[in-house]
Amino acid sequence: MGLFSASQPVRVEIKGNPLHCVICQHQSFHRREVQINKLSLLTPDWADPVAICYECDNCGYLHWFMPK
Ligand SMILES: [Zn+2]
């Protein structure tokens, strides 16, 4: 499974607020789940070291979120 494997763009809500791309205001994103412990500089001992990022379907900007 590649980090940027193809997926259908989706609309995203964060705490009830629709996510707009901070660069182009687009509202469709590709959802990615990223294992933090594969990013070499970060080695936290979290129970679930997975970050969520949404890649703008228009400009490709990545919006990162940590699961709460
Ligand atoms: Zn964008």
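The values are calculated or read from the model by the stated rules, or taken from the named source; none is laboratory data. Just so we're clear, the structure is a prediction, and the values are computed from it rather than from any experiment. A quick note on method: Cβ atoms are made from the backbone with ideal geometry, for glycine too, and the neighbour counts reach across all protein chains shown. Just so you know, the surface numbers come from the protein's heavy atoms only, side chains and all, with ligands and any DNA or RNA stripped out. Shrake-Rupley method; radii C 1.70, N 1.55, O 1.52, S 1.80 Å.
Looking at Leu3, Leu41 in this structure, which one is modelled with pLDDT under 95, in contact with a strand residue (DSSP E or B) (Cβ under 8 Å, 6 or more places away or on another chain) and assigned to a loop (DSSP other than H, G, I, E, B)? Among Leu3, Leu41, only Leu3 is modelled with pLDDT under 95, in contact with a strand residue (DSSP E or B) (Cβ under 8 Å, 6 or more places away or on another chain) and assigned to a loop (DSSP other than H, G, I, E, B).
Which of the following residues is open to solvent by 60 Å² or more (accessible area, probe 1.4 Å), at pLDDT 95 or above, within 16 Å of the ligand (Cβ to nearest atom) and among the polar types (S, T, N, Q): Asn58, Asn17? Steps first, please.
On the way: Asn17 fails: within 16 Å of the ligand (Cβ to nearest atom).
After ruling out the rest, the residue left standing is Asn58.
Residues of the stretch 20-38 that are over 10 Å from the mean Cα position of the chain (by Cα) and either modelled with pLDDT under 90 or surrounded by 15 or more Cβ atoms within 10 Å (Cβ to Cβ) (or both): Cys21, His26, Gln27, Ser28, Gln35, Ile36, Asn37, Lys38.
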